[in-house]
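Laboratory data are not the source of any read-out in this text; all were calculated from the coordinates shown. Source: prediction; values computed, not measured. Neighbour counts are summed over all protein chains in view; Cβ atoms, including those assigned to glycine, are modelled from backbone coordinates with ideal geometry.
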Amino acid sequence: MNTATASDFHAAMTSAGGPLLGDSEFEFLRDFVYKHCGISLSEQKRQLVQGRLLRRLRALGLKDFGGYCDVLRQDPDGELGELASAISTNVTSFFREMHHYDLLVDELLPRWLAAKKSDGRLRIWSAGCATGEEPYALAMVLAEALERTGSKVDARILATDLSPQALEHARGGMYALDRMGGISDERRRRWFLRGEGRYEGTACVHPRLRELVTIQPLNLLHDWPMRGPFDAIFCRNVVIYFDKPTKQRLFERYAGLLEPGGYLFLGHSESMYGLSDSFELVGRTVYRKRAL
């Protein structure tokens, strides 16, 4: 009777679609991802992690997940962004959750610009900006408010994310026309340049929007180089990946960077209930920093 060897098993698994993610490798990845990204991976996520990381194994020329774990041990910071990109889902769109932008346009931006006059400073942070749709949408409403009021306020938007691929897309500012359904025709004409030739079917954000947006890599769990203060922080559809202690720490750090009375915007399925005493709910997934 023939006896299958470990190499025979590995070859069979590879021919069937790739190496298996073993128990020890999955436990290492779970611990690594939680420590560095704050994301809790349940056992039910094993197949998803295996499928998505197979692309990284091929890109790095690795034969198995043990080799990938060794890469993370040897250079955790160098591979962290790629790992985070692989296991998270960067789903976003222009003007997603429109009620947040309505609040900015109708109430917050006019109030801030009037209070800061011509010598003030206005800062908004898009934390978890993904491929850039959110910060560029914010830039549109900010640029329009500045034009409407004639304000000379020093206004800027900081956009950060952990994913190198997402940040590259955001910096490019090029979007397929079928991804722009949330933008009105008027704003498309005003704020986008239609691609031609090899860029047919795409549109590029206007240079004025690029002037307002600074795009930088950032891990929300690590040290933050910026000191604020910010008038508003958008952290939408990000904390759904985090456990309760990680959310609590993150919200307190946000509170420390916000102006008194500053605003924190969360995603439609996220809540701060029972997680922080530093904020009060003032709208649908809109929180205001409490006065001291």
Among 279, 128, 212, whose Cα sits farthest toward the positive end of the charge dipole of the chain (+1 at Cβ of Lys/Arg, -1 at Cβ of Asp/Glu, about the Cα centre)? 212
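May I ask you to derive the relative contact order of the stretch 184-228, considering only C-alpha pairs under 8 Å and at least 6 residues apart, and to give it as an integer percent? Intermediate values should be presented prior to the final figure.
Details: 21 pairs, mean separation 10.4, N = 45.
Across the stretch 184-228, relative contact order equals 23 percent.
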Please name which of 150, 184, 224 has its Cα lying farthest along the dipole of the stretch 98-289 towards the positive end, using unit charges on Cβ (Lys, Arg +1; Asp, Glu -1) and the Cα centre as origin. 150
Site residue 222, offset 7 angstrom along Cα→Cβ, radius 18 Å on amide nitrogen, limited to the stretch 156-197, gives 159-168
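What FRET efficiency would be calculated for the residue pair residue 59, residue 193, taking the C-beta separation as r and a Förster radius of 45 Å, to the nearest 0.05?
Details: r = 33 Å, r/R0 = 0.72.
Efficiency at R0 = 45 Å is approximately 0.90.
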Non-local residues with an amide H under 5 Å from the amide H of residue 233, with H modelled 1.01 Å from N and Pro and chain starts lacking one, are 125, 263, 264, 265
Taking 8 Å as the Cα distance limit and 6 or more residues as the minimum spacing, I'd like the relative contact order of the chain as a percentage. 16 percent
Restricting to lysine pairs 8 or more places apart or on different chains, what number in the chain have Cα atoms under 29 Å apart? 15
Going by average Cβ neighbours within 10 Å, how do the peptides 269-275, 110-116 rank, with the highest at the top? 110-116, 269-275
Note, ³J(HN,Hα) from phi for the stretch 241-248, Karplus 6.51, -1.76, 1.60, rounded to Hz, x at Gly and Pro: 7, 9, 8, 4, x, 5, 4, 4
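Taking the Cα centre of the stretch 9-87 as origin and charging only Cβ (+1 Lys, Arg; -1 Asp, Glu), how large is the dipole, in debye to the nearest 20?
Computed about the Cα centre, the dipole is about 300 debye.
Among 87, 183, what is the fewest-to-most ranking by other Cβ atoms within 10 Å? Kindly include the intermediate steps, with their values, before the conclusion.
Details: 87 17, 183 22.
Fewest-to-most ranking of 87, 183: 87, 183.
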If only Cα atoms are counted, what is the Rg of the stretch 9-87, and what is its Dmax, in Å? 11.8, 35
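So what is Rg over Rh here for the chain, counting just Cα atoms and using Kirkwood for Rh?
Values: Rg = 22.0 Å, Rh = 21.1 Å.
That ratio equals 1.04.
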